[in-house]
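Notes to accompany the following structure.
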Amino acid sequence: MENNGDNAQAAAALDKPPEKPTLSRFGSLMHSRKASPVSNAVPQTPLAREKELESELIKERTQRIAAEKKVKTLEAEVEELSATLFQEANEMVSSARQETAALQEKLEVMEQRVVEQRPVGDLETLHKENGRLRERFKILEQRDGDRRRRLEKLEAASKRIERVRTLLIPR
């Protein structure tokens, strides 16, 4: 009966693919290297190996040149986007300041007119108009605050662009 069990184990062992021999640590490092297809097929002469290495060098150089061109293109694009971003932010700030200054001047002129045209006894109308102008001025200040927040966001985006740019610059 034991013979039958041994025969079954032997038959099972024959059905399994043979185990790969384990490599030493050094052998496993060498095994992971990619062997060139030519070197596996036929032993190379030094001249043939030199030509193969030269062709690989040329290939690597062309790939590097292409990568450098891509980096330069991306850097130029980042630079252009940064310039556009700052230009738009400056325009927004400038227009907000001009609008605020114009409305402040208009408010002062209107207050002066009201004082000059109306008798002192018509204070209720004067207060109403003054209140309306102050509300308008508050709205403009809120807009100015909103513009400042947007400008801060733009500046933060610009800083992120600069960080990306520093990551892209080859060292």
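Glu68 - would you say it is assigned to a helix (DSSP H, G or I) and surrounded by 11 or more Cβ atoms within 10 Å (Cβ to Cβ)? If you could, list the steps in order and put the result at the bottom.
Working: assigned to a helix (DSSP H, G or I): yes; surrounded by 11 or more Cβ atoms within 10 Å (Cβ to Cβ): yes.
The answer is yes for Glu68.
Report whether or not Val38 is modelled with pLDDT under 90 and part of a helix (DSSP H, G or I).
yes
Are any residues in segment 92-114 out of contact with any Phe, Trp or Tyr (no Cβ under 8 Å at 6 or more places or on another chain), farther than 27 Å from Lys153 by Cα and surrounded by 11 or more Cβ atoms within 10 Å (Cβ to Cβ), and if so, which ones?
Lys106, Glu108, Met110, Glu111, Arg113, Val114
So in segment 71-86, with the set limited to residues that are farther than 30 Å from Arg147 by Cα and of a type in the set (Val, Ile, Thr), which one is surrounded by the most Cβ atoms within 10 Å (Cβ to Cβ)?
Val71
Kindly indicate whether any position in segment 115-126 is outside any helix (DSSP H, G or I) and in contact (Cβ under 8 Å) with a residue 60 or more places away in the chain.
No - not one qualifying residue is present in segment 115-126.
Could you list, in sequence order, all residues of segment 76-92 that are modelled with pLDDT of 90 or more and within 24 Å of Glu135 (Cβ to Cβ)?
Once the filter is applied, which keeps residues that are modelled with pLDDT of 90 or more and within 24 Å of Glu135 (Cβ to Cβ), segment 76-92 yields nothing.
The values are calculated or read from the model by the stated rules, or taken from the named source; none is laboratory data. In this text the structure is predicted, and so the values were computed from the model without any measurement. Don't worry about glycine lacking a Cβ; one is built from the backbone with ideal geometry, like all the others, and counts go over all protein chains shown.
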